[in-house]
2 protein chains.
Amino acid sequence: MSIQLQIEATRGSARAGTLITPHGEVETPVFMPVGTLASVKGVSQDVLEELGVQILLSNTYHLYLRPGIETVRQMGGLHRFMSWDRAMLTDSGGFQVFSLNDLRKVSEEGVAFRSHLDGSPHFLSPEKAMEIQIGLGADIIMAFDECTEYPADAQRARASMELTLRWAERCKKYFEEHKGEVPWGSSQPSALSSQQKQVLRFAQDDNSKGHWKGQTQALFGIVQGGMDAALRRESAGRTIDIGFPGYAIGGLSVGEPRELTRDIVESTLEHLPSDQPRYLMGVGTPEEIAQYAQSGVDMMDCVLPTRAARHGLLFTSEGKVSIKQARYAQDESALDPACDCRVCQRYSRAYLRHLYASNELLAQVLNTVHNLRFYLATMRSVRGWIRAGRGATPPVC
Amino acid sequence: MSIQLQIEATRGSARAGTLITPHGEVETPVFMPVGTLASVKGVSQDVLEELGVQILLSNTYHLYLRPGIETVRQMGGLHRFMSWDRAMLTDSGGFQVFSLNDLRKVSEEGVAFRSHLDGSPHFLSPEKAMEIQIGLGADIIMAFDECTEYPADAQRARASMELTLRWAERCKKYFEEHKGEVPWGSSQPSALSSQQKQVLRFAQDDNSKGHWKGQTQALFGIVQGGMDAALRRESAGRTIDIGFPGYAIGGLSVGEPRELTRDIVESTLEHLPSDQPRYLMGVGTPEEIAQYAQSGVDMMDCVLPTRAARHGLLFTSEGKVSIKQARYAQDESALDPACDCRVCQRYSRAYLRHLYASNELLAQVLNTVHNLRFYLATMRSVRGWIRAGRGATPPVC
């Protein structure tokens, strides 16, 4: 038993449901905030819980470099390490390594790359990516794929897709042999106070009662194929033939025009099983996540809300606000009158503008809290729309 | 009616009580966290409230530059600007201008200086410092003084003290004439939602019921005199002659040996009125704040807990922890087993170490939250010790 998607309502192509994971339930469609280095920059875990985050994404490549997999494994996995007892997903490292450009070299075996931190040489293979992600212990882990560059001609897109499929087979083989090594069942270190054990909610009792018994991580496959709908169909079919409990659409938002992204997503979705989760990686703006959720995507992740926040770019129900602008310097109104987050309930645009213009840490924190709330509220609206059935207007942000 | 100190218990030289201000009560002795630019770096106001902070210090010099006094005044003062409805104190800008060294030039009239941000020329006088602080609207404001450099010979220390006394007279004169201009009574802008008005707690109703009627800011005088006990005694006496509702001891922690600081503090305290608040500026370590509270100081402020936090230097009941050290990389225990803050209740040293080593924003936030809690808990212990009377051991950190 790893993960299960219970679809509870449909509306057109859209589905609303509950993704059941070893670390809790996730209402879908869902947007997953990115906590690259086991932290959503500046936002503590209790605030994430308060925002209603049910699943986080962490980056394997970055965690592999810092703090290193052995440290996380010793600590009992990512959940315990960062004190997050809700669901977690890790990517495979494939995209980050793809992004490193000149620092990497791809072979059949895997990818040789150099750390962006200190230039040290490393090697990631399908097996290594599985070993790492098992050690990290996220509920959902991703196959190690090659994110096809854009643009890519037909020959290159096919070759890349075929490599991803061969790697997917190797990922699955390794995972099936080693998934029992996930560190969830590690005994509680005696160094923690009883109060801490309670808070961390991984008490010895739970473990000995077999809290994790029978539960494992879920490995998702990833569809590639560049911008060719036929290749995408083939990739989907052959990935399904290998067999995974969920499927992602990768290799998009790599520079292609938005209309092309949409075409590929919608055509690919037609070839993915309807009774399993469909995860669109690395997307998108508030409008896009609402749109793709309506098209039938169940899960999405993107650095946009968090990264834009740190640049003072805030999403609101009235449009984008670049908070650094002088026009807000004496604006007493809330950032977004329609938003229920702690930031909009308490602070003025003038204050937020001052914080950002003064390079204050709190600007990063508050901006991120708001943007995350906006994204989560957007998805909550979509879920509500799906469940409402006929009559309601689709939420458009 | 501005401020009033109710002394409720004494023990030796120490006093425990309640400082009643227009924006709420403050248990004394108290440590005031520094929120330089209307923000305690990285820590939002709701977290400060949760930590038990009852009074914050903000820096006039920095706010004068960003966002500027007119902005804050237009927003109804600092409390409304930063959405803090508890007590607030501003310094006069004197110390910051003193710290700018070569960029400043002192005359009888005041201090000409250049902004550390862009080199633009500015001028601060006693009158200007009053005008600014009235515009900012803190509950307690400070006289514009000259922080005597260290070391200073007898002649220099006297000249500096005399200047501070002449400036104190000018401060009080200006303040008495203009204190009614404090922007607390500004009408509620219509741009805020009714929910925001509730949250900000400055509803039109409150204003029209005369919430601020009769209440004003309090201007504290500052004792100077360098490291000469006799000069300090004279400065205290002559500042009391001018007459203020509270007195600060300034010009310490400017490079002098700790033992000398202690001597000056203890001798100066003897010359300050026992029925009015005594504020020791810019001090200190956890041991020092406990020590000076026991000597009879009622209020202290220091950047140490917040600044040290941002450098990964954490105060704990077991001593100082430099969290970046490799020894903590796999340390599952809490930062401080005796601490009740959210950080110690939830996160391991390993995670805190990872955050700091990875230059994550959350490191700044969590480290600061813990250090503030440690300081506040230290003062709470001292207050408890004072109120307990004979028998209890003085808290030594």
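The values are calculated or read from the model by the stated rules, or taken from the named source; none is laboratory data. Keep in mind that what you see is a predicted model, and the values were worked out from it rather than measured. Glycine also receives a Cβ, built like all others from the backbone with ideal geometry; neighbour counts cover every protein chain displayed.
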ask   = Applying the selection to segment B:288-315, what residues are assigned to a loop (DSSP other than H, G, I, E, B) and over 26 Å from A:Val72 (Cβ atoms)?
value = B:Gly296, B:Val297, B:Asp298, B:Cys302, B:Val303
message = Looking only at segment A:108-135, count every residue that is out of contact with any strand residue (DSSP E or B) (no Cβ under 7 Å at 6 or more places or on another chain) and modelled with pLDDT of 95 or more and tell me the total.
response = 12
query = What single numbered condition from (1) closer than 23 Å to A:Ala16 by Cα; (2) in contact with a Gly (Cβ under 7 Å, 6 or more places away or on another chain) fails to hold for A:Gly384?
reply = (2)
Qualifying positions in segment A:316-346 - under 30 Å from A:Gly17 (Cβ atoms) and either in contact with a strand residue (DSSP E or B) (Cβ under 8 Å, 6 or more places away or on another chain) or part of a loop (DSSP other than H, G, I, E, B) (or both) = A:Ser317, A:Asp336, A:Ala338, A:Cys339, A:Asp340, A:Cys341, A:Cys344
task = Filter segment B:346-361 down to residues that are aromatic (Phe, Trp, Tyr) and over 28 Å from the mean Cα position of the chain (by Cα) and give me whichever is nearest to A:Phe81 (Cα to Cα).
result = B:Tyr351
Qualifying residues in segment A:248-263 (those that are free of Cβ contacts under 8 Å to residues at least 60 places away in the same chain and under 14 Å from A:Met281 (Cα atoms)) - the one surrounded by the fewest Cβ atoms within 10 Å (Cβ to Cβ) = A:Arg262
inquiry  = Looking at segment B:1-37 only, could you name the residues that are more than 15 Å from B:Leu57 (Cα to Cα) and of a type in the set (Gly, Ala, Ser)?
reply    = B:Ser2, B:Ala9, B:Gly12, B:Ser13, B:Ala14, B:Ala16, B:Gly17
ask   = Any idea which residue in segment A:322-345 is surrounded by the fewest Cβ atoms within 10 Å (Cβ to Cβ), counting only those that are facing chain B (nearest Cβ under 8 Å) and under 29 Å from the mean Cα position of the chain (by Cα)?
value = A:Pro337
query = Given the structure, is A:Thr268 hydroxyl-bearing (Ser, Thr, Tyr), under 15 Å from A:Glu149 (Cα atoms) and modelled with pLDDT of 95 or more?
reply = no
key: Matching residues in segment B:113-142 - criterion: being farther than 17 Å from B:Thr164 by Cα, within 22 Å of the chain's Cα centre (by Cα) and part of a strand (DSSP E or B)   = B:Ile140
ask   = Looking at segment A:354-365, which of its residues are more than 8 Å from chain B (Cβ to nearest Cβ) and either closer than 13 Å to B:Pro67 by Cα or in a loop (DSSP other than H, G, I, E, B) (or both)?
value = A:Tyr356, A:Asn359
task = With respect to B:Ala308, determine if the residue is modelled with pLDDT of 95 or more and over 26 Å from B:Thr36 (Cα atoms).
result = no
key: Members of segment A:92-145 that are among the acidic types (Asp, Glu) and without any contact (Cβ under 8 Å) to a residue 12 or more places away in the chain   = A:Asp102, A:Asp118
ask   = Going by the conditions given, is A:Thr368 under 28 Å from A:Gly296 (Cα atoms), within 11 Å of another protein chain (Cβ to nearest Cβ), buried (at least 20 other Cβ atoms within 10 Å of the Cβ) and β-branched (Val, Ile, Thr)?
value = yes
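Per-residue answers, yes or no, for (1) over 11 Å from A:Leu136 (Cβ atoms); (2) in contact with a strand residue (DSSP E or B) (Cβ under 9 Å, 6 or more places away or on another chain); (3) not small (Gly, Ala, Ser):
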| site | (1), (2), (3) |
| --- | --- |
| A:Arg15 | yes, yes, yes |
| A:Gly24 | yes, yes, no |
| A:Thr28 | yes, yes, yes |
| A:Val40 | yes, yes, yes |
| A:Leu56 | yes, yes, yes |
| A:Ile69 | no, no, yes |
| A:Arg73 | no, no, yes |
| A:Met88 | no, yes, yes |
